[in-house]
Amino acid sequence: MEVNLSSQLDSESTSDQQCSSDSQLIMQIMLTFILALLVPLATAQWGTIENGTCPEFSAMDTFDLSKWYGRWYDIFHVHWYFGGTNVACVTADYTEWGNPEEHGLLYQSANSMNLRMLTLETPIQVNSFTYDSGVPGEFITQFGPNPPEDGFPSNFNVLDTNFDSYSCIYNCEQLEENLREVMAFGMSRNKEMDPDDRAQCESLFSDLDLDVSTMVNTKQDKRCIYYPEH
């Protein structure tokens, strides 16, 4: 009887140690992923890299910034550096910056997402800052406190929006002769996007030589934790 009890305790102890070891491993993986996520955010290198030449495109010339503010839900996007299926609940809350004379800073964004990996779910919130490029609908977004240098090209371009339900965002940077970095995503004012609105964004992206069938759908479900809370 004593032997059986000892064996049971040893088994429970081994099980607890295994659980602890598994939890530590998961946390290490999560930490590595978060660090890997923050690097491209800080350097604004967050699109998908592929073969090809950037097409000519223009932003919405009737863009009205005053109608842009508020929450937008990311509905679908290219498979960017930190935008796989394990990154869910992505939102952006845009608010006006109080002093537009400060390096051309127009607005800031509280960007929220949930990192889902194995059995863990971690809410993440980062701030970005958006600067005036001098062209309607074209902006320079920076994940960091430093303003862009003079002549820095726009990297956040609103192709189309009705301000009330959808926005289509795009950018393309030519890295080498036949290598480009593409960023594109469709956003909605709601957790679900109207099919007609999505079709509008997909049509614009397709015209820019983007394979919309490869785009990632962002999970916006009941498990989501959003920041800031509404």
Checklist line | Criterion (modelled with pLDDT of 80 or more, closer than 27 Å to PRO136 by Cβ and surrounded by 15 or more Cβ atoms within 10 Å (Cβ to Cβ)) met by exactly one of ALA44, ALA110 | finding: ALA110
Next item on the list: Check every one of the strands (runs of 3 or more DSSP E) wholly within the stretch 94-201 and list those with 1 or more residues that are in contact (Cβ under 8 Å) with a residue 60 or more places away in the chain and of a type in the set (Asp, Glu).
Entry: 120-132, 138-142, 156-161, 166-176, 179-188
Notebook entry, point to check: Which residue pairs have Cβ atoms closer than 8 Å, lie 6 or more positions apart in sequence or on different chains, and pair a first residue in the stretch 46-68 that is touching a residue at least 40 places away in the same chain (Cβ under 8 Å) with a second residue that is assigned to a loop (DSSP other than H, G, I, E, B) and among the basic types (Lys, Arg)?
Noted result: none
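Considering only residues that are in a loop (DSSP other than H, G, I, E, B) and either at positive phi or among the β-branched types (Val, Ile, Thr) (or both), which ones fall in the stretch 51-71? Walk me through how you get there before you give the answer.
Going residue by residue through the stretch 51-71, those that are in a loop (DSSP other than H, G, I, E, B) are 52-64, 68-69.
Matches in the stretch 51-71: GLY52, THR53, THR62.
The values are calculated or read from the model by the stated rules, or taken from the named source; none is laboratory data. Bear in mind that the values here come from a model prediction, so they are computed numbers and not experimental data. A quick note on method: Cβ atoms are made from the backbone with ideal geometry, for glycine too, and the neighbour counts reach across all protein chains shown.
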